[in-house]
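Shown next, in structure tokens, is the structure this report addresses.
The values are calculated or read from the model by the stated rules, or taken from the named source; none is laboratory data. The model shown is predicted, which means the values in this text are computed figures rather than measured ones. So basically every Cβ, Gly included, is an ideal-geometry build from the backbone, and we count neighbours across all protein chains shown. The accessibility values were calculated without ligands, DNA or RNA, using every heavy atom of the protein model including side chains. Shrake-Rupley method; radii C 1.70, N 1.55, O 1.52, S 1.80 Å.
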Amino acid sequence: MSAPVRVIRPEFRGAALKLFQSRAPEVIVSGPAGTGKTVALCHKLHAIALKYPKARILMCRKTLQSLTTGAIVTYEKHVLDPADGVVFFGGSPREPASYRYTNGSRVVLGGLDRASKVLSSEYDIIYVNEATETTITDWETLNTRLRSNAVPYQQLLGDTNPDAPGHWIMQRSASGKLSLFHSVHEDNPAYWDGKAWT
């Protein structure tokens, strides 16, 4: 008999809680820096990877270099626990870098500047860090790669700082194709304890 899955996560509120509960096909969390949106998204990826064996998840950004100094730091610093047995694989000519889980799940890392390396595969979940850097073509191309079936639903996720009303994210949200959740600093327990700023 296998041990129960251990998923530890911080308290989530507001947009972060909506993100965790949502199974909508496309979700973006928008808000200023410090509202906890990237931390919440990284926790969601980790929870899915732990819960569903052989899940294939892509964490990407417009460039691999910017992902390395952004969401990957958050993932390693605020989400991964040595007790989970997750191992980092640095990549090879045949396979991109990834976090390998003991149950066969993978969180693959990639930049859209090297799209052929990551877009030749199928995924259950794709997370785009700083989605405003991407184009609508990038987003729709990523959507076509959601064809794996290890997770009972597929999602294209993203985070962003607010942008102009004419941006494609706002237009896609207005059309009903994308669920847009707005995060605020009160959503982050590190800043707001429910009664006062910490």
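The table below gives the values:
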item	result
Any hit, region 125-134, residues being farther than 23 Å from GLY36 by Cα and in contact with a strand residue (DSSP E or B) (Cβ under 8 Å, 6 or more places away or on another chain)	no
Where LEU178 falls short, out of the listed (1) surrounded by fewer than 21 Cβ atoms within 10 Å (Cβ to Cβ); (2) modelled with pLDDT of 95 or more; (3) over 17 Å from LEU45 (Cβ atoms)	(1)
Some residue of region 113-121 being of a type outside the set (Gly, Ala, Ser) and either modelled with pLDDT of 90 or more or within 14 Å of the chain's Cα centre (by Cα) (or both)	no
Near pairs, Cβ below 7 angstrom, 6+ apart or cross-chain, from region 141-168 (over 15 Å from LEU58 (Cβ atoms) and assigned to a loop (DSSP other than H, G, I, E, B)) to any residue that is open to solvent by 30 Å² or more (accessible area, probe 1.4 Å) and modelled with pLDDT of 95 or more	TYR153/ARG23
Matching residues, region 59-71, being over 18 Å from LYS37 (Cβ atoms) and under 15 Å from the mean Cα position of the chain (by Cα)	LEU64, THR68
Boolean, GLU122 is on the phi < 0 side of the Ramachandran plot, charged (D, E, K, R) and touching a strand residue (DSSP E or B) at 6+ places or on another chain (Cβ under 7 Å)	yes
Enumerated strands (runs of 3 or more DSSP E) restricted to region 9-100, each holding at least 3 residues that are modelled with pLDDT of 95 or more, open to solvent by less than 40 Å² (accessible area, probe 1.4 Å) and closer than 25 Å to ASP113 by Cβ	26-30, 56-61
Residue match in region 112-119 (condition: in contact with a strand residue (DSSP E or B) (Cβ under 8 Å, 6 or more places away or on another chain) and surrounded by fewer than 17 Cβ atoms within 10 Å (Cβ to Cβ))	no
Members of region 101-140 found to be under 30 Å from MET170 (Cβ atoms) and part of a strand (DSSP E or B), listed by number	VAL107, VAL108, LEU109, GLY110, GLY111, ILE125, ILE126, TYR127, VAL128
Condition met for ALA150 (at pLDDT below 90 and among the aliphatic types (A, V, I, L, M))	no
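Each row is one residue, and each column tells you yes or no for (1) farther than 19 Å from CYS42 by Cβ; (2) surrounded by 13 or more Cβ atoms within 10 Å (Cβ to Cβ); (3) basic (Lys, Arg); (4) out of contact with any Phe, Trp or Tyr (no Cβ under 7 Å at 6 or more places or on another chain).
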{"position": "VAL108", "(1), (2), (3), (4)": "no, yes, no, yes"}
{"position": "GLU122", "(1), (2), (3), (4)": "yes, yes, no, yes"}
{"position": "ILE125", "(1), (2), (3), (4)": "no, yes, no, yes"}
{"position": "GLU130", "(1), (2), (3), (4)": "no, yes, no, yes"}
{"position": "ASP138", "(1), (2), (3), (4)": "yes, yes, no, yes"}
{"position": "ASN143", "(1), (2), (3), (4)": "yes, yes, no, yes"}
{"position": "ARG147", "(1), (2), (3), (4)": "yes, no, yes, yes"}
